[in-house]
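No lab work stands behind these numbers, since they all come straight from the coordinates. Quantities reported herein were computed from a predicted structural model and do not represent experimental measurements. Please note: Cβ atoms are built from the backbone with ideal geometry, for glycine as well, and neighbour counts cover all protein chains shown.
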Amino acid sequence: MGAPDETPVGSIDAQRPAPHPQTLLVTITGRINRADALPFAERVIDELVANRASLVICDVRGLVRPDAAAVDAICRIRVAARRFGARLRLRNASIDLVQLLDLMGLCDVLTVSAESGFQA
């Protein structure tokens, strides 16, 4: 009998970094399941409307075992950002996520960086 899966459930946090009022910083952590994709995008839409951001930086450093569900969530966030005239940039992407995005043909569509520094 194996131990229960200790992987944290996916979560999202959105905030405006103080020195960059036109930027919305979205942090995704844990393991994303299919049911998370739409609520995550809706949360970003709510924050975009409230903050009128022109750039969404999505920090995915805490994303656990990225898969198609995580990519779905990221793509929904990108669509939501574009709908409100904002750009999306992924920050702190793991090599696994970058390879998955590349395999799915999305590296040309998404701006992805492995850097940890804040750049608006």
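If neighbour count is taken as other Cβ atoms inside 10 Å, put Asp67, Asp13 in order from fewest to most.
Neighbour counts put them in this order, fewest first: Asp13, Asp67.
Counting every Cα pair in the range 11-112, what percent are over 25 Å apart?
Result for the distance tail: 11 percent.
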